[in-house]
Amino acid sequence: IIDKVSKKITTDTPLLINYTMTIQTKDKKSETQKGSLLSNGSKFRLKTPAFEDYCDGTNIWHYVKETSEVELSVIDPINNIFNFPNLIKTYSKDFRPKLIREEETNYVIDLIPKKSTNVSKIRIVSNKTNNRIKEMTIYVREGNTYIITFTSYKPNQTSQSKDYVFPQATYPQAEIIDL
């Protein structure tokens, strides 16, 4: 099942996903935010009202709008977890899939990390008919849970390399901190 989902994401790339993410903290506080993700393999651009992330496959620029600061660092599995399509395409390297249940129109699958990480599991809900992800829930060991509901899924988008690099000309006041 997860191989079919992975194949579908591969054929849909570049992919634009709009989503709503609910963050539940370990003390049961909840916050909801909307965002969009443009993904093309290991490259992605993530936009939310509070921040923007740009990743060219090697480097990631994390732009915090409130402070007008950009943290530049090398991509790693921790800050790559929100590139949902790439995570699914490469799942077999880092996760073991487990079918939890079959619903009328969906499959519910858990991805369990093969090695100890800060993520305890990722639950995926995929449509049986078109093999597209409808929802993901990321469980973090410290107690936070990220519930991501895909509100739109636009396959085969046009994108260019510059879409995945921080647009410094757009934010000339931004201070770049090279980590």
Here the tail fraction of P(r) beyond 18 Å, over all Cα-Cα pairs of the stretch 19-78, rounds in percent to 45
Cα centre as origin, Lys/Arg/Asp/Glu Cβ charges: the chain dipole, Debye:
860
What the 10 Å binned alpha carbon P(r) of the chain shows, as percent of pairs per bin from 0, is 9, 36, 39, 14, 2, 0
Please find, in a Gaussian network model of the chain (springs between Cα atoms separated by less than 10 Å), the residue of G143, G41, G57 whose mean-square fluctuation is greatest.
G143
Sort out for me the Cα centre separation of the stretch 1-26 from the stretch 30-94, rounded to whole Å.
13
If you place +1 on the Cβ of every Lys and Arg, -1 on the Cβ of every Asp and Glu, and leave all else neutral, what size is the dipole of the stretch 1-42 about its Cα centre, to the nearest 20 Debye?
120
With only helices counted (DSSP H, runs n ≥ 4, each -39500 (n - 2.57)), the per-residue ellipticity at 222 nm for the chain, to the nearest 500, works out to -3000 deg cm²/dmol
If each residue of separation counts as 0.36 nm, what is the full-extension length gain between T58 and R101 once their alpha-carbon separation is subtracted?
11.8 nm
If you roll a 1.4 Å probe over the stretch 1-59 with all protein chains in place, what percent of the accessible area is carbon or sulfur?
49
Among L99, L37, L111, which one shows the highest mean-square fluctuation when the chain is modelled as a Gaussian network with alpha-carbon springs under 10 Å?
L99
Of all DSSP beta bridges in the chain, antiparallel share, percent nearest 5
95
Suppose all protein chains stay in the model; what accessible area per residue would a 1.4 Å probe give for the chain, in Å²?
54
Using θ = phi - 60° and Karplus 6.51 cos²θ - 1.76 cosθ + 1.60, couplings along the stretch 20-26 (whole Hz; Gly, Pro as x):
10, 10, 9, 9, 10, 7, 5
Work out, step by step, the length gained on full extension between K128 and S92: first 0.36 nm times the residue separation, then minus their alpha carbon distance; give nm to one decimal.
10.9 nm
Helix 2-12 sits at what angle to the longest principal axis of the chain, using alpha carbons and giving 0 to 90 degrees rounded to 10?
40
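The values are calculated or read from the model by the stated rules, or taken from the named source; none is laboratory data. What you see is a predicted model; the values in this text were computed from it and never measured. Glycine gets a Cβ as well: all are built from the backbone with ideal geometry, and neighbour counts include every protein chain shown. Surface accessibility is based on the protein's heavy atoms, side chains included, excluding ligands, DNA and RNA. Shrake-Rupley method; radii C 1.70, N 1.55, O 1.52, S 1.80 Å.
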